[in-house]
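Right, one structure below, let's go through it.
The values are calculated or read from the model by the stated rules, or taken from the named source; none is laboratory data. Owing to the predicted nature of the structure, the values given are computational and were not obtained by experimental measurement. Note: ideal-geometry Cβ built from the backbone for every residue, glycine included; neighbour counts use all protein chains shown.
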Amino acid sequence: MLGWHSFIARRECALAREGASVKFAQAASVGLEYLEPATGAGALPQVIGHARSALADSATYFAASPRCSFRRQGSMLLFDSPSATGGENGIARAVIHESGSARRAAVLLPYWNAAREDCRPFGALLAHCGVTCVQLSLPYHDERRTAGTAFARELACENLGLTICANRQAVQDARACVSYLESQGYQRIAVVGVSLGASIASIVAALDERVGAAVLLLMADDFSDVVWTGSATRHVRASLEQSFSRADVRAAWSVISPASHAARLSARLSSLLIVSGDLDTVFLPALTRAYVERLQRHGLDPTWVRYACGHYTLANPFYAMRCFARTVFHLRAKL
C-alpha cells in the first residue's frame with residue numbers, strides 16, 4: 001500500500017506541474033467594481049456586506065435570466081450568459097449528449113481549467129447509459145477564455161469581487177441549462193460536478209427545486225479554505241495573504257462557498273453522492289469530511305465514497321470507471 005501511495009503522490013505532482021506553469025497571480029485586490037457595492041464603508045467591508053446580503057436572498061442572487069434565448073448548432077447549445085465583463089465570456093456554450101430518451105437528464109459541470117474534449121467522454125457515457133447530458137463550459141473556459149491567458153484564472157483568483165462574479169455566473173449558467181432541459185420535456189434532472197464544478201453544483205442543487213439529484217466528485221466545505229490550503233492555488237494564496245487575512249477572504253467568499261448553502265441543500269435532497277480521494281492535496285480530505293459532517297448536522301447523510309487516489313489521479317481508469325459506475329447507479333436510482 002505504501003508503494004501505491006508513493007506512486008500516486010509522484011503522479012499527482014507530475015500532473016500538477018503540467019498546469020502550474022501557465023498560472024499567475026497579480027496583486028491582491030478587493031474587486032468592488034465587479035459587484036453591486038453599497039456606500040458609506042470601505043471597500044473590503046462592502047464586499048463582505050455584499051456577500052451577507054446575497055446570502056440573505058440567495059435564490060434571487062443566483063437566479064438565471066427568465067428570458068434566456070437558447071440556440072442550437074448541431075450538438076452545441078448557445079445562450080447569452082449573465083456577465084459583468086462582456087466579450088466572449090458572455091456567450092455560454094454546452095455540448096448536448098442525447099440519450100434518445102426524455103426520461104432522465106443531467107447538467108455536467110467540469111473541473112477548473114477542463115477543456116471541452118477532456119469531459120466529452122463522461123457526457124457521452126452518461127448518454128449511453130440513458131441519461132441525457134448537457135456538458136457546460138464554465139465561465140472563462142474554452143471559447144470563453146480571456147485573451148492572453150492560458151487558464152481560467154477568474155474563477156479562483158486574487159481579486160475577491162471577480163471571483164465572486166465568475167462563480168455566480170457559473171451557477172446562473174448551470175441553472176439556465178436546467179431551464180433548457182425543462183423546456184425539452186425533462187422532469188427528472190440532476191447536476192453532476194467535478195472539483196470546482198462540484199462546488200458550483202452544490203449551490204445549484206441547493207437553490208433549484210427542479211434538481212432532483214446531485215453527484216459531487218471531489219468536494220470540499222469552504223471555497224476559501226480550498227484556495228488557502230490547496231496545492232493548485234498556491235499562487236492565489238501567495239497574493240491574497242499580502243493584503244487580506246484568511247478570515248477576510250472566508251467572509252468575502254462565503255456567498256460562493258458550499259458550506260453556506262449546506263442547510264438548504266440538506267432540506268431539499270434526501271440523498272447525495274460524494275466521491276473524494278484520500279490522497280487529495282487540492283481539496284484536502286479534512287475539508288471533504290467537514291462538508292459531510294456539516295450535511296449530517298443538517299439531517300442529510302450523504303453516500304461518501306473514498307478512493308486511494310488524489311485529485312488528478314481520480315482520472316486513472318481504475319478509479320474513473322468505478323466513479324462513473326457509482327454516478328450512474330446513483331442517478332438511475334434517484335431520478
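For the reader, a short list of remarks on this structure follows.
- Considering the stretch 161-190, the residues that are out of contact with any strand residue (DSSP E or B) (no Cβ under 7 Å at 6 or more places or on another chain) and of a type in the set (A, V, I, L, M) include one that is nearest to LEU269 (Cα to Cα), namely VAL171.
- Any hit, the stretch 194-208, residues being assigned to a helix (DSSP H, G or I) and farther than 25 Å from SER276 by Cβ: no
- Of all residues in the stretch 229-238 being surrounded by fewer than 20 Cβ atoms within 10 Å (Cβ to Cβ) and not β-branched (Val, Ile, Thr), the one that is farthest from the chain's Cα centre (by Cα): ALA238
- Taken over the stretch 36-58, the criterion of being in contact with a helix residue (DSSP H, G or I) (Cβ under 7 Å, 6 or more places away or on another chain), over 30 Å from GLY277 (Cβ atoms) and at pLDDT 90 or above is satisfied by ALA43, LEU44, GLN46, VAL47, ILE48, ALA54.
- Taking the stretch 46-78 as the range and being assigned to a strand (DSSP E or B) and either aliphatic (A, V, I, L, M) or under 29 Å from ALA252 (Cβ atoms) (or both) as the test, the residues that pass are MET76, LEU77, LEU78.
- Scanning the stretch 103-152 for residues that are over 19 Å from the mean Cα position of the chain (by Cα), of a type in the set (A, V, I, L, M) and within 20 Å of VAL215 (Cα to Cα) yields ALA124, LEU125, ALA127, VAL131.
- Looking across the stretch 275-300, the residues that are buried (at least 16 other Cβ atoms within 10 Å of the Cβ) and assigned to a loop (DSSP other than H, G, I, E, B) come down to LEU279, ASP280, THR281, VAL282, PHE283, LEU284, LEU300.
- Residue-level check: of (1) within 30 Å of ASN316 (Cα to Cα); (2) among the small types (Gly, Ala, Ser); (3) surrounded by fewer than 23 Cβ atoms within 10 Å (Cβ to Cβ), SER179 misses just (1).
- Filtered residues of the stretch 136-163 (kept if β-branched (Val, Ile, Thr) and buried (at least 24 other Cβ atoms within 10 Å of the Cβ)): THR163
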